[in-house]
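Below is one structure, written out as structure tokens; comments come after it.
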Amino acid sequence: MAENKIPYKIYLTEEEMPKAWYNLRSDMKVKPAPLLNPGTGKPLTAEELSPIFCEELVQQELDETTPYIEIPEEIRNFYKMFRPSPLVRAYCLEEKLGTPAKIYYKFEGNNTSGSHKLNSAIAQAYYAKKQGLKGVTTETGAGQWGTALSMACSYFGLDCKVYMVKVSYEQKPFRREVMRTYGASVVPSPSDTTEVGRKILAEHPGTTGSLGCAISEAVEVATKNPGYRYVLGSVLNQVLLHQSVIGLETKTALDKYGIKPDIIIGCAGGGSNLGGLIAPFMGEKLRGEADYRIIAVEPASCPSFTRGVYAYDFCDTGMICPLAKMYTLGSSFIPSANHAGGLRFHGMSSTLSQLYHDGYMEATSVEQTSVFQAAEQFARVEGILPAPESSHAIRVAIDEALKCKETGEAKTIVFGLTGTGYFDLVAYQKFHDGEMSDEIPTDEQLAASIAKLPKVE
Ligand SMILES: *Cc1c(COP(=O)(O)O)cnc(C)c1O
């Protein structure tokens, strides 16, 4: 098909939407390392996981062989409210950059949570409801996950308790109100409502919190209250599985026009959008059917892949969660409070960690002022005000497109535009007022938190 026939937006019909999630682990020869019980050091069994997570989600978490898992009809119907999401050809950005590169982005911000997180939230709420639970607890950082989960819980009539990282709770009061609109209760973390929260407050008075602290609190509440389970918006295998809808839709859309990407780029916090976007492409790569350059982009202030170590670590600061083998900065690492761009988690999905370790993907880190420059440049030509998280991917997509300008290569670049930044305007304000700086942890700071990693064989 002629190049100029490719529309600005490639949409799929409802019929073309995926009917099953793709389980990337099924094609991995070296499987991601299992979650370990921190008490025994042994791989966690389904029985041990079921007081924390819903049964069906435990099965998905542990399933590393089934390639496709059917998306229940109720979830597919909910998806139809905000999916398929468009794959956009960034003609305007290309022109502005004067690049021969062809840039596409998959836009996941078209729902009230303003991010891709609703893809997994609705699945997790569905399985909790199906199991007859009363409610779920979770943590949220910037607030997108908490919002997505609140929406999903209100849809299925479940109670939703959200522990929100204190710095975000204070900086983003409007996010909180969106969650309350959907009936969730929102507590700033660390709080004095949990044992672990009180302990963290005693050790670090005045702390602005971290995702790791909030996870500890949410897990404690879920395990102490009958009829409640904990749900997590990233990092876990089950979340990457649900997010595979992003990649499956992207691949179907590209295939419709016979387009083969050269480079696939995504921002990486815990790895869920990236893991979802790349899933079917990585599957082809693992099976030896195709090759792609895949790039994870992380903030220089929280550089798990690029400066972390590949080791077993706790997913939470309170050290009550299972141990996951992942690229990590240490669970006691808390990014500088000056960091405004999300992606604040100290670790990384163990699936992506294994793939990175085995050389199937690259990673790079970018500084926040350059991320906001890219965000602004993008907003001005593509008409979408991007989330700071997503803008990490925009930064690297623009950089790659500019390299093509130098070499004259017309590479095809696909990146994940995970969401919108309307609740991040305080960060945009700092950027516009010239008050944003780049704080990068020193080697000593990282060594100090890495030295506290649990000892596991
Ligand atoms: C949560 C979030 C991210 C980062 O999380 P991942 O699990 O790494 O995808 C990126 N972008 C947006 C908009 C988010 O809300």
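Bear in mind that the values in this text are calculations on the coordinates, not laboratory data. Nothing here was measured: the structure is a model prediction, and the numbers come from that model. Ideal geometry is used to build each Cβ from the backbone, glycine not excepted, and the neighbour counts take in all protein chains shown.
Couple of notes before you dig in:
- Seen from L158, the other residues with C-beta closer than 9 Å to its C-beta sum to a net charge of +1, counting Lys and Arg as +1 and Asp and Glu as -1.
- Alpha-carbon centroids, the range 94-128 and the range 426-452: separation in whole Å: 26
- Antiparallel DSSP beta bridges within the range 292-384, as percent of all bridges there, nearest 5: 55
- Overall, the chain carries a charge dipole of about 580 debye about its Cα centre when +1 sits on the Cβ of Lys and Arg and -1 on the Cβ of Asp and Glu, all other atoms neutral.
- 20 Å Cα-Cα reach of K452 towards aspartates and glutamates, excluding residues that sit fewer than 8 places from it in its own chain: E203, D313, D316, D443, E444
- Of all DSSP bridge pairs formed entirely within the chain, close to 35 percent run antiparallel.
- In sequence order, calculated HN-Hα J values of the range 21-37 (Karplus, 6.51, -1.76, 1.60; Hz; x Gly/Pro): 7, 9, 9, 4, 4, 4, 9, 8, 6, 9, 6, x, 5, x, 5, 10, 6
- Helix-only CD estimate at 222 nm, as mean residue ellipticity for the chain, using -39500 (n - 2.57) per DSSP H run (n ≥ 4): -12500 deg cm²/dmol
- Mean Kyte hydropathy of -1.0 or more with a Cα span along the axis of at least 24 Å, helices from DSSP in the chain: 237-256, 388-407
- Backbone HN-Hα couplings from phi across the range 409-419 [Karplus 6.51/-1.76/1.60, Hz, Gly and Pro as x]: 7, 9, 6, 9, 10, 10, 10, x, 9, 6, x
- Only Lys, Arg (+1) and Asp, Glu (-1) charged, at Cβ; the range 130-284 dipole about Cα centre in debye: 300
- The mean sequence separation of alpha-carbon pairs under 8 Å and at least six residues apart, normalised by the residue count of the range 240-297, gives a relative contact order of 45 percent.
- FRET efficiency, T369 to A202 (Cβ-Cβ, R0 25 Å, nearest 0.05): 0.10
- Here's the list of aspartates and glutamates a cross-link from K405 could span, going by alpha-carbon distance under 18 Å and ignoring same-chain residues fewer than 8 apart: E94, E95, D262.
- The range 322-388: proportion of alpha-carbon pairs further apart than 15 angstrom, %: 65
- Other residues lying with their Cβ under 12 Å from the Cβ of G197 contribute a combined charge of -4, Lys and Arg counting +1, Asp and Glu -1.
- The lysines within cross-link reach of K129, meaning a Cα-to-Cα straight distance under 22 Å and a gap of 8 or more places when in the same chain, are K19, K80, K117, K161, K224.
- Relative contact order for the chain: 19 percent, from Cα pairs under 8 Å spaced at least 6 residues apart, divided by residue count.
- When each of the peptides 79-86, 119-126, 370-377 is scored by how many other beta carbons lie within 10 Å of its residues on average, the order from highest to lowest is 119-126, 370-377, 79-86.
- Sequence-distant residues sharing a close amide H with T412 (under 5 Å, placed H): K102, D262, I263
- Taking 4.7 Å between C-beta atoms as the pairing limit, the chain has these partnerless cysteines: C54, C92, C213, C267, C302, C404.
- Amide H contacts of C321 (H built 1.01 Å from N, under 5 Å, at least 5 apart or other chain): C315, D316
- The alpha carbon gyration tensor of the chain gives principal lengths a ≥ b ≥ c with a/c below 1.5, which makes the shape rounded.
- Taking other residues whose beta carbon is less than 12 angstrom from the beta carbon of L352, and scoring Lys, Arg as +1 and Asp, Glu as -1, yields -1.
- Ranking N77, P67, G330 by Cα position along the charge dipole of the chain, where only Lys, Arg, Asp and Glu carry charges on their C-beta atoms, puts N77 farthest toward the positive end.
- In terms of overall dimensions, the range 130-219 has a Cα radius of gyration and Dmax of 12.8, 41 angstrom.
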